[in-house]
Amino acid sequence: MQNSTSPRPDTAPELVQEARLGISVVVPVYNEEQSLRPLYHALTAALERLGQSYEILFVDDGSRDGSFATLTALHEQDQHVRVIRFRRNFGKTPALVAGFSHVRGDIVFTMDADLQDDPEEMAKFIEKLDEGYDLVSGWKYPRHDPITKTFPSFFFNRMVSVTTGVRLHDINCGFKAYRREVLDDVKLYGELHRFIPVLAHERGFRVTEVKVRHHKRKFGKSKYGARRFLRGFLDLMMVVFLMQYLQTPLRLFGAIGLLATVAGVLVDLYIVLDRFLPIGSHQEIHTRPLLFVGILLIVFGISFILTGLQSEMIRHFAYRPDDEYSIKQVLD
Ligand code: UDP
Ligand code: MG
């Protein structure tokens, strides 16, 4: 996302200020034709009950069915409905990013378009925000998805909570509520939408979860298969790395590199001493396989240290003060 201090390129900041609303709901849509109308009605009913000003921002992520036609019709009949249409399918993260950079609400909800999330639950999220949390993540409970999804997902959630310290049961739940500041502060790309709570936590925001009712998918197909778990795992590695070592990459690469180099030097030193010292076995150096282990460790170690130094250079040139901290309040 953009920095909180830099103006949005496409909208004048004053206009955004003037048009402030209570709630924005961002809905990423990819081939969800049949779900859209029922979703719109359920969402509108729930939002009207909450009694705040609101907008519903659909982001059509390059749908190839009738989704956009339906959205156009909804937009024409209801001024609360806004629609962003992508040129092609870019993915859920870009869809959310586009939505986030156009929202006008102080509270931003995200919700899947497939009717699996229940708009009636929104009040629960708002209660938590009122308690002082900045991000409230849904926890689908009980969850109505096939076991091929719930089982890997259980492991994924455990792994995330162990490695990042963000203890959520259902981090990838599409149903979430944010204070708008969170979204201005978190950088999303690739498929990082799964990790928004972790990224927000890292920036110092308070994160919690609420149990939400979950429904079976009625129409259309799930867009994500088993492949997401390998990708999710690699993304987790990246997130953990960024959280721990983005500030000081040399500390990671340098430590591993130094250890390997020292180990390599010791191994080769042993071979040399063993050849020449009176108490050694006097074996010829070039006949010993261990020699190559030592050499490999040294080469590997030095290149790791160099990678660390290069990362520090990238960090140096990419330096932006806003990235170094996140301000909650200023008394001036
Ligand atoms: N989605 C999207 N772009 C994509 C894939 C999915 O906007 O490339 C939307 C999709 O329309 C839905 C939400 O993201 O509103 C979640 O997708 P899905 O229900 O397929 O995921 P699952 O619930 O199976 O994890
Ligand atoms: Mg779904």
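The values are calculated or read from the model by the stated rules, or taken from the named source; none is laboratory data. Being a predicted model, the structure only gives us computed values, none of them experimental. All Cβ positions, even for glycine, are placed from backbone atoms using ideal geometry, and neighbour counts span all protein chains on display. The accessibility values were calculated without ligands, DNA or RNA, using every heavy atom of the protein model including side chains. Shrake-Rupley method; radii C 1.70, N 1.55, O 1.52, S 1.80 Å.
Can you tell which of Glu181, Glu33, Glu131 shows the greatest fluctuation in a Gaussian network model of the chain with Cα springs below 10 Å?
Glu131
Taking the Cα atoms only, what angle lies between the long axis of helix 249-276 and the longest principal axis of the chain, rounded to 10 degrees?
Here the helix axis deviates by roughly 20 degrees.
Please give the net charge around Ala318, taking every other residue with its beta carbon less than 13 angstrom from that of Ala318, where Lys and Arg add +1 and Asp and Glu add -1.
Summing Lys/Arg as +1 and Asp/Glu as -1 gives -1.
What FRET efficiency comes out for Arg64 versus Arg167 if R0 is 51 angstrom and r is the Cβ-Cβ distance? Round to the nearest 0.05. Mind showing how you got there, number by number?
On the way: r = 39 Å, r/R0 = 0.76.
In this case the efficiency is close to 0.85.
Rg over Rh of the chain, using C-alpha atoms and the Kirkwood radius, what does it come to? Before the final figure, lay out the partial values.
Details: Rg = 25.7 Å, Rh = 22.8 Å.
That ratio is 1.13, to two decimals.
Give me the percent of DSSP beta bridges within the chain that run antiparallel, rounded to the nearest 5.
25 percent
Determine the sum of side-chain charges near Arg275: Lys and Arg each +1, Asp and Glu each -1, restricted to other residues whose C-beta is under 14 angstrom from that of Arg275.
Here the charged neighbours net out to -2.
Treating only the Cβ of Lys, Arg, Asp and Glu as charged (+1, +1, -1, -1), what charge dipole size does segment 105-185 show about its Cα centre? Round to the nearest 20 debye. Mind showing how you got there, number by number?
Working: 10 positive and 16 negative charges, 103 e Å.
Roughly 500 debye, rounded to the nearest 20.
So, in nm, how far is label Val262 from label Arg206 when the simple model puts each one 7 Å beyond its Cα toward the Cβ?
4.4 nm
I'd like the accessible area for Ile298, computed on protein heavy atoms only with a 1.4 Å probe and all protein chains in place. Round to 10 Å², please.
Surface accessible to solvent at Ile298 totals approximately 40 Å².
Mind putting a number on the dipole of segment 129-256 about its Cα centre? Charges go on the C-beta only, +1 for Lys and Arg and -1 for Asp and Glu, and I need it in Debye to the nearest 20.
Numbers: 23 positive and 12 negative charges, 164 e Å.
Charge dipole, segment 129-256, about its Cα centre: 780 debye, nearest 20.
Rounding to the nearest 10 and keeping the result within 0 to 90°, find how far the Cα-based axis of helix 33-50 lies from the longest principal axis of the chain.
Between helix and principal axis, roughly 70 degrees.
Name the residue from Ala260, Val272, Met159 whose Cα lies farthest towards the positive end of the charge dipole of the chain, charges +1 on Cβ of Lys and Arg and -1 on Cβ of Asp and Glu.
The residue sitting most towards the positive pole is Val272.
Starting from the residue with the highest accessible area, list Val267, Val299 in decreasing order, probe 1.4 Å. All intermediate terms of the calculation are to be shown ahead of the outcome.
Values: Val267 35, Val299 90 Å².
Solvent-accessible surface, decreasing: Val299, Val267.
Springs between alpha-carbon pairs under 10 angstrom, Gaussian network model over the chain: which of Phe109, Phe151, Phe292 fluctuates most?
The residue that fluctuates most here is Phe292.
As a test of the definition: which semi-axes, in Å, follow for segment 197-332 when you take the square root of five times each eigenvalue of its alpha carbon gyration tensor? Largest first, please.
Result for segment 197-332: semi-axes of 48, 25, 12 Å.
Calculate the dipole size of segment 179-332 relative to its Cα centre from +1 charges on Lys and Arg beta carbons and -1 charges on Asp and Glu beta carbons; express the result in debye to the nearest 20.
Its charge dipole is roughly 1500 debye.
Dimensions of segment 64-178 along principal axes (Cα, Å, largest first)?
Result for segment 64-178: principal-axis Cα extents of 46, 36, 24 Å.
For the chain, calculate the relative contact order in percent as a whole number, restricting contacts to Cα pairs under 8 Å that are 6 or more residues apart.
17 percent
Based on the Cβ-Cβ distance of Asp274 and Asp145, what FRET efficiency does E = 1/(1 + (r/R0)^6) give at R0 = 51 Å, to the nearest 0.05?
Working: r = 61 Å, r/R0 = 1.20.
Efficiency for this residue pair is about 0.25.
Give the ranking of Glu76, Glu209 by solvent-accessible surface, highest area first, calculated with a 1.4 Å probe. Don't skip to the answer; put the middle values down first.
Working: Glu76 145, Glu209 35 Å².
From most accessible down to least: Glu76, Glu209.
Averaged per residue, what accessible surface does the chain expose to a 1.4 Å probe, in Å²?
Each residue of the chain exposes 55 Å² on average to a 1.4 Å probe.
Evaluate E = 1/(1 + (r/R0)^6) for Gln52 and Val299, where r is the Cβ-Cβ distance and R0 equals 56 Å; express this FRET efficiency to the nearest 0.05.
0.35
Go through 49-57, 215-223, 233-241 and give me the packing order, highest mean Cβ count within 10 Å leading. Present the calculation step by step, with values, prior to reporting the outcome.
Working: 49-57: 17.0, 215-223: 13.1, 233-241: 14.9.
Result, highest mean Cβ count within 10 Å first: 49-57, 233-241, 215-223.
Below 12 angstrom from the Cβ of Ser67, what's the summed charge of the other residues (Lys, Arg +1; Asp, Glu -1)?
Net local charge, Ser67 excluded: -3.
Comparing Thr287, Thr163, Thr248, which has the greatest mean-square fluctuation in the GNM of the chain with Cα pairs linked when under 10 Å apart?
Highest fluctuation among the options: Thr287.
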